[in-house]
1. Could you tell me whether residue 109 is at pLDDT 95 or above and crowded, with 18+ Cβ neighbours inside 10 Å?
2. Restricting to segment 176-200, give me the number of residues that are free of Cβ contacts under 8 Å to residues at least 60 places away in the same chain and closer than 29 Å to residue 106 by Cα.
3. Take residue 79 and tell me if it is in contact with a strand residue (DSSP E or B) (Cβ under 6 Å, 6 or more places away or on another chain), free of Cβ contacts under 8 Å to residues at least 24 places away in the same chain, surrounded by fewer than 17 Cβ atoms within 10 Å (Cβ to Cβ) and not in a strand (DSSP E or B).
4. With respect to residue 109, determine if the residue is over 13 Å from residue 72 (Cβ atoms), outside any helix (DSSP H, G or I) and in contact with a strand residue (DSSP E or B) (Cβ under 6 Å, 6 or more places away or on another chain).
5. Looking only at residues in segment 85-95 that are out of contact with any strand residue (DSSP E or B) (no Cβ under 7 Å at 6 or more places or on another chain), under 18 Å from residue 156 (Cα atoms) and free of Cβ contacts under 8 Å to residues at least 24 places away in the same chain, which one is surrounded by the most Cβ atoms within 10 Å (Cβ to Cβ)?
6. State all residues of segment 135-159 that are outside any loop (DSSP other than H, G, I, E, B) and under 15 Å from residue 15 (Cα atoms); if no residue qualifies, say none.
7. With the checklist (1) at pLDDT 95 or above; (2) surrounded by fewer than 20 Cβ atoms within 10 Å (Cβ to Cβ) in hand, flag the one item residue 42 doesn't pass.
8. Out of the residues in segment 162-194 that are assigned to a loop (DSSP other than H, G, I, E, B) and in contact with a strand residue (DSSP E or B) (Cβ under 6 Å, 6 or more places away or on another chain), which is surrounded by the most Cβ atoms within 10 Å (Cβ to Cβ)?
């Protein structure tokens with residue numbers, strides 16, 4: 001059974017492959033199909049964006065598809081950047097630029113006020129339009145400066161209290177046991193079996 005992960009992001013794809021390695025599906029991505037027109041993520045929530053991506057990709061590929069939308073919500077910023085996480089510093093902003101903007105906006109904010117939550121919504125969809133979704137989250141704090149060499153996105157500035165390290169300082173294996181995406185995927189494993197027989 002093929003499962004298409006609706007992404008071109010190779011870092012994200014690797015996380016999915018690692019977390020689904022024991023599940024009886026062949027993992028594909030958008031790179032395995034002819035180029036698809038960019039999907040505009042114009043939803044007001046992670047769920048809306050993930051639902052749009054999953055349903056479009058399932059219809060386009062004719063296969064079972066999973067899409068995620070994820071991001072970071074920072075308490076001191078009223079929950080921003082949320083759905084704008086990947087483009088916080090601009091439409092084509094790099095991870096470094098997004099992190100720099102986040103740290104700039106948090107200058108002078110005391111450690112106890114730097115709470116943040118990584119959130120992930122996964123939507124699974126069939127070409128016929130059947131869908132379901134799961135959510136996962138991981139709470140932590142925003143550091144004063146980037147730390148570590150692993151990961152991507154906001155990983156270098158997201159401190160996990162139980163490790164006293166950022167997502168970029170702990171190993172990918174450790175991250176994949178506690179991350180928002182890992183927690184969502186654990187729930188997805190309970191949902192996927194209801195899709196497999198009907199996704200042929």
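1. Taking the combined requirement at face value, the residue does not satisfy it.
2. Selection size over segment 176-200: 2.
3. yes
4. no
5. 89
6. 136, 155
7. Of the numbered conditions (1) at pLDDT 95 or above; (2) surrounded by fewer than 20 Cβ atoms within 10 Å (Cβ to Cβ), the odd one out for residue 42 is (1).
8. So the residue we want is 167.
The values are calculated or read from the model by the stated rules, or taken from the named source; none is laboratory data. Please read all numbers here as calculations on a predicted model, not as lab measurements. Reconstructed Cβ throughout: ideal geometry from the backbone, glycine too, with neighbour counts over all protein chains shown.
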